[in-house]
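What follows is calculated from the coordinates using simple rules that are stated; it is not laboratory data. Computed from a predicted model, the values in this text were never measured in an experiment. Neighbour counts run over all protein chains shown; Cβ positions are idealised from the backbone, glycine included.
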Amino acid sequence: MSRPAPPTVHDVDLPRYLGTWFEIARLPMRHEPPDYTDVTAHYSLEPDGSIRVQNRAYDGEGQLQESVGQATPAEPGDNSRLEVTFLPEGLRWIPFTRGDYWILRLDDAYRTALVGSPDYRYLWLLHREPTMDAGTREDFLATARELGYALDDLIDTPHTGRRTA
């Protein structure tokens, strides 16, 4: 049975959203093995108006891994529903190679964000610092549950103090 896509935030001030975010927790995905630590995402504006996405993490062997991609609004003027690709630049025109990056909740200070996919398979809890207080964490995860995300397999991202950003 299909269910409606979750709602996103109404307005995202993109310049305030740009910068470095630390992954606090995520649902499992094949692109990010469970043993990754110190996961960060850095967003910056490109001259063409797209967003450069630089994801960095340490793998299970302690090696720094990096993926660089591009995000664009799924619809013009809607900065809360982005499409992201990590294909090499020359292949980004290929249809159906973009993932959904929907901002589901964002605090007023732009310090904590809940991001997911409309099919409920992917979810990230992001924060501007590598740690967050338990109350804020649970409050944002409660929002994810209310929206219909299953959190049984949620992975808490360890931050060891090694810099990725």
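Here the gap between ASP11 and GLU83, fully extended at 0.36 nm per residue and compared with their Cα-Cα distance, gives a gain of 24.3 nm. Please list, short to long, the whole-number percent of alpha-carbon pairs of the chain in consecutive 5 angstrom bins beginning at zero. P(r) for the chain, in whole percents per bin: 1, 8, 18, 22, 22, 17, 8, 2, 0.
Remark: the GLU75-ASP156 segment gains 26.0 nm on full extension, using 0.36 nm per residue and subtracting the alpha carbon distance. Short to long, the 10 Å bins of the Cα pair-distance histogram for segment 93-165 hold 16, 47, 29, 8, 0 percent of all pairs. Stretching the chain fully between LEU147 and ARG128 yields a gain of 4.5 nm (0.36 nm per residue, less the alpha carbon separation).
Neighbour counting of Cβ atoms within 10 Å sorts the residues ASP48, ASP133, fewest neighbours leading, into ASP48, ASP133.
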